[in-house]
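Beneath this line is the structure, given in structure tokens, with notes to follow.
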Amino acid sequence: MGKQLLSVLAIGFAQGLFALDAADGSTEGPSVVVHLLVQALLQSPDYGKYSGSPPGLMLYYLWNTVTAIVLLNVLISLFSSAYSDVIEDAEAQYLAFFASKTVGMIRAPDTFVYPAPFNLIEIFLVAPFEFFPKFRLSMKTYAKLNRYVMVTIFLIPLSLIAFYEATFDRHRHTWMNNWLRGDDEGAADYPETRDPDVNGFESTGMKISRVPFEDLIKVFPNTQQSSEATIIKEIQDVKEQLARLLKKLDG
């Protein structure tokens, strides 16, 4: 839009300056006017050319002012469009940059990972069948070899860890066992859970809430219904109340 506006303004000012130049009976080439306009556009105006013609000088001043305003608006629009493009693609660019950094910082993907110190076994018993041409195995055979070696290596330590956690370290995982077994299932229906007593020596017999649990939940929103269903139910309740009121008035 700014380019089209600048082109139209350039044509109009060129015609005006050329007409003022031809008013005295002697005209110069159109290239002179174009040269003056381009100089003003590049912030190097030649005001001495129209020093003897006040209308021409005023028109030349106006051309410099208008072009500065148009170019400033073009610059602002370019900045805003560039900023919107950056904001729009910011998430994708960040994810791409993060992925490239992550891939660059990790080593080549290894399907069969041997944590230390078991990687020593991999170096001496498994790696020769991958790197040396004489002992190189096919991909299927190499994968099967790794599985056998990993099962043999990790079976005993993992079994010992599982046995220790299940036998000697059970008190640290009681909350997990209770959660998995679901021992507290239905606890919210117990009366002592709904209306619990306050624990403590000085607060014996006190209640957390003086209002019973049944009365409290009556004012709670029904989470099993959508907002539309709740609104419809409230409208129906209002209709029923209005019907009862009209019935009493008629009686």
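Any read-out appearing in this document is the output of simple, stated calculations on the displayed coordinates, not a laboratory observation. None of these values were measured; they are calculated from a predicted model. Here the Cβ positions follow ideal geometry from the backbone for every residue, glycine too, while neighbour counts run over all protein chains shown.
Defining a contact as two alpha carbons under 8 Å apart and six or more residues distant in sequence, what relative contact order in percent does the stretch 2-88 show?
Details: 44 pairs, mean separation 26.5, N = 87.
Here the relative contact order equals 30 percent.
Which FRET efficiency, nearest 0.05, do Leu57 and Phe79 yield, Cβ-Cβ r, R0 30 Å? Spell out each step's value before the answer.
Details: r = 33 Å, r/R0 = 1.11.
That gives a FRET efficiency of 0.35.
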